[in-house]
Amino acid sequence: MRLRGLFNFVDLAIALVVLVAVVLPAREMYARAAIKPSQAGPAEQFAIALAEARTIAHPDDGAAVDDLSRRLGAVGFKDWAIETAVHGSERAKASPSAWRALLATSVAYVDRLDVVPALDFANRALSACEATGAACPSWEQVRMKLYQQHLDAGVRSGVDPHKGPAAIQAFRRAGESALRQIHLGGRDVTNTGAGSGSGQGSAGKP
């Protein structure tokens, strides 16, 4: 009898909890801007909100992912920029613009000086670009190759840019060493300075 009475009490308690959950109105939810006025002005906040809305409306659009990630990185939200780009590249992987999301992920990692995952995503972006065809213009592919070569040389040098400004400069020099020789019009042209030649461009960071 005691056991049967216990089960009846437990059943009643569960029924009451379920009833309360069903009858009570839903909790109010509040939203506030994650970006403070000190971090970005009204125009930047609006631009970020618009970019985020575009990724929600078109989750497989690599260009929208690229735009949002870069804007977040520009106002100092580096972790958020990486998270946005990584998730966006997953959603866009079947899209012709997937390479843009993958490249945005690489750039977001470079912004945080995480060069190893940055190189991984640069390789993926280059492969996706080459497989896409017309959706990845040839000039974008050339720019991406220079960027990837710069990163690859820096990573192979073993320099860790997290160790301070001197290490960052050493990583850049190692990356630039891979761009000393470029081919223009079938001739070898030597890039004699870090700031000269067409090899600097997007390969100029972290």
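The values are calculated or read from the model by the stated rules, or taken from the named source; none is laboratory data. Quick caveat: nothing in here was measured; it's all calculated off a predicted structure. Neighbour counts run over all protein chains shown; Cβ positions are idealised from the backbone, glycine included.
What are the pairs, 6+ residues apart or on separate chains, where a residue within the range 114-129 that is of a type in the set (Ser, Thr, Tyr) has its Cβ under 9 Å from a residue that is at pLDDT 95 or above?
Ser127/Trp99; Ser127/Leu102
Note down all Cβ pairs under 9 Å where the first residue falls in the range 43-58 and is in contact (Cβ under 8 Å) with a residue 24 or more places away in the chain, the second is aliphatic (A, V, I, L, M) and not in a helix (DSSP H, G or I), and they're at least six residues apart or on different chains.
If the second residue must be aliphatic (A, V, I, L, M) and not in a helix (DSSP H, G or I), the pairs left are Glu44/Ile35; Glu44/Val75; Ala47/Ala40; Ile48/Ile35; Ile48/Ala40; Ile48/Val75.
Is it the case that some residue within the range 132-146 is closer than 22 Å to Arg173 by Cβ, among the hydrophobic types (A, V, I, L, M, F, W, C) and either in contact (Cβ under 8 Å) with a residue 40 or more places away in the chain or touching an Asp or Glu at 6+ places or on another chain (Cβ under 9 Å) (or both)? Give the steps one after another, and end with the answer.
Start the filter on the range 132-146 by keeping residues that are closer than 22 Å to Arg173 by Cβ, which leaves 143-146.
Now drop any that are not among the hydrophobic types (A, V, I, L, M, F, W, C), which leaves 144, 146.
Still in the running and either in contact (Cβ under 8 Å) with a residue 40 or more places away in the chain or touching an Asp or Glu at 6+ places or on another chain (Cβ under 9 Å) (or both): 144, 146.
Yes: the range 132-146 contains one or more residues that are closer than 22 Å to Arg173 by Cβ, among the hydrophobic types (A, V, I, L, M, F, W, C) and either in contact (Cβ under 8 Å) with a residue 40 or more places away in the chain or touching an Asp or Glu at 6+ places or on another chain (Cβ under 9 Å) (or both).
Please count how many residues of the range 84-119 are surrounded by fewer than 24 Cβ atoms within 10 Å (Cβ to Cβ) and of a type in the set (Gly, Ala, Ser).
The number of residues fulfilling the criteria is 3.
If you check Ala122 against the conditions, is it of a type in the set (Gly, Ala, Ser), part of a helix (DSSP H, G or I), buried (at least 24 other Cβ atoms within 10 Å of the Cβ) and in contact with a Gly (Cβ under 8 Å, 6 or more places away or on another chain)?
Numbers: of a type in the set (Gly, Ala, Ser): yes; part of a helix (DSSP H, G or I): yes; buried (at least 24 other Cβ atoms within 10 Å of the Cβ): yes; in contact with a Gly (Cβ under 8 Å, 6 or more places away or on another chain): no.
No: the conditions fail for Ala122.
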